[in-house]
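Bear in mind these aren't lab numbers, they're just calculated from the coordinates by the rules spelled out. What you see is a predicted model; the values in this text were computed from it and never measured. So basically every Cβ, Gly included, is an ideal-geometry build from the backbone, and we count neighbours across all protein chains shown.
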Ligand code: 2IT
């Protein structure tokens, strides 16, 4: 391996030994960049890679909130402003009990490359808290969000850093966070957060965008193989906003999602999550805060529930891991290969361990697409929300959807072209890493030391 690349990876391993998710994403991305680094010795001279793996700024803050019984609790909040070379920091907030700096750092790093791929002027950022929203009342969520924003509001702004949602942060939380920001600043400030409700500056299609974008990307992959979505079966994971969007668009295009999952196991619906009633029920499951996928099987006849299991052993045409990081490990990857699944389309951020990803990419019959390209429609539509807010305009559903589709087609094509340019063949994973890297690298080289 290129000596400079190797030394950067070793630095990260040594410095972040307690943050395996961050080490994993750095190894995955940097190993794709070898031909680029070989070709550009000036990057080593500028120490570009060590700069790229170091966030520009990352901070933590205390978040104290009062529960419904009058007891106070203290959580930690984080914001990582990873890379602002191509635009204001942009990325979601994740509220989940297992959040710690390694999760925020890995997500911020991924976000930098993903945002670059969209072709829009957004830098990479991420934040969140180890607060667990499960089982909390609406009033508790409100008080937590208000306290979180009281600590964060000084450090964000429409030209500085524009947070959005991620796991545990949906439209309700964004509403509460935004209300507190507006109260503290006494200004609307172009909406400052994305994923807002439509009545106060949110964009049409933003709730659907990550799932729709993933399906639009998938259509490009299928087209390359001379196929389309009609009659295809899909295994998804999770049952949140992203999976909901996939189900909705897949159903519209004649495909069906057969599996959903949750912390309690997975469900298999032989008819597919295709009716309006079933698709809308996912929203109810999320709003209930129960975090249980078994509810779906209890509610619809003919659906089987498999407690404690993952859906990756089910025979389908397409796997779309859309729940969370490291959901697919070697064991699941082997099942997927044994089932002769042709399309492995990552959706969640880093849903595959590096060894499993390498294994799947080496299988001759499997096409692998990486999450940072596939799920980029979410943040791209956030950037469209920012554009509408700063223009003080509202675009129609058709207009946002048209732009989303175009962005996804371009991301796919850029990835294909980047891999081909470096002699890597049809490699969507390396292509996305190279194309995402190139734009940020050019901007950083142009701006001097930072
Ligand atoms: O992982 C992601 O891209 C997101 N959670 C969305 C970020 C955004 O700013 O819309």
By average C-beta atoms within 10 angstrom, highest first, the peptides 297-308, 42-53, 214-225: 214-225, 42-53, 297-308
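In percent, how large is the relative contact order of the range 5-155, given Cα pairs closer than 8 Å and 6 or more residues apart? Please report the intermediate quantities before stating the final value.
Numbers: 247 pairs, mean separation 36.3, N = 151.
Once normalised by length, the contact order is 24 percent.
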query: How big is the antiparallel share of DSSP beta bridges in the chain, given as a percent to the nearest 5?
result: 55
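Using a Förster radius of 41 Å, what is the FRET efficiency between residue 98 and residue 406 based on their Cβ-Cβ separation? Nearest 0.05, please. It would help to have the intermediate numbers written out before the result.
Details: r = 36 Å, r/R0 = 0.88.
Here the calculated transfer efficiency is 0.70.
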field: Length-normalised contact order of the chain in % [C-alpha pairs under 8 Å, at least 6 apart]
entry: 15
field: Contact order relative to length of the range 353-450, as percent, for alpha carbon pairs under 8 angstrom and 6 or more apart
entry: 23
message: Report the gain in length on full extension from residue 290 to residue 172: 0.36 nm times residue separation, minus Cα-Cα distance, nm rounded to one decimal.
response: 40.9 nm
query: Label-point separation (nm) for residue 11 and residue 57, each offset 7 Å from Cα along Cα-to-Cβ?
result: 2.2
- prompt: If each of residue 447 and residue 39 carries a label point 7 Å out from its Cα toward its Cβ, how far apart are those two points in nm?
  reply: 2.4
- request: Compute the normalised compactness of the range 234-336: alpha-carbon radius of gyration over 2.2 N^0.38 Å, N being the residue count.
  value: 0.96
query: Okay, helix-only estimate at 222 nm for the chain: each DSSP H run of n ≥ 4 adds -39500 (n - 2.57), divide by all residues, round to 500 deg cm²/dmol; what do you get?
result: -15500 deg cm²/dmol
- request: Could you sort 93-100, 54-61 so that the peptide with the highest average Cβ count within 10 Å comes first and the rest follow in order?
  value: 93-100, 54-61
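Quick one: work out Rg over Rh on the C-alpha atoms of the chain, Rh as Kirkwood radius.
Values: Rg = 20.9 Å, Rh = 22.1 Å.
Rg/Rh: 0.95.
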statement: The alpha-carbon center of the range 50-127 and that of the range 403-450 are separated, in whole Å, by 23
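Can you give the Rg to Rh ratio of the range 188-268, both from alpha-carbon atoms, with Rh computed by the Kirkwood formula? Spell out each step's value before the answer.
Working: Rg = 15.3 Å, Rh = 14.1 Å.
A ratio of 1.08.
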message: Run the simple label-point estimate for residue 46 and residue 271 please: 7 Å along Cα→C-beta, distance reported in nm.
response: 5.7
- prompt: Under 19 Å from a point 7 Å along the Cα-to-Cβ line of residue 199: which residues of the range 392-421 have their amide N that close?
  reply: 394-395
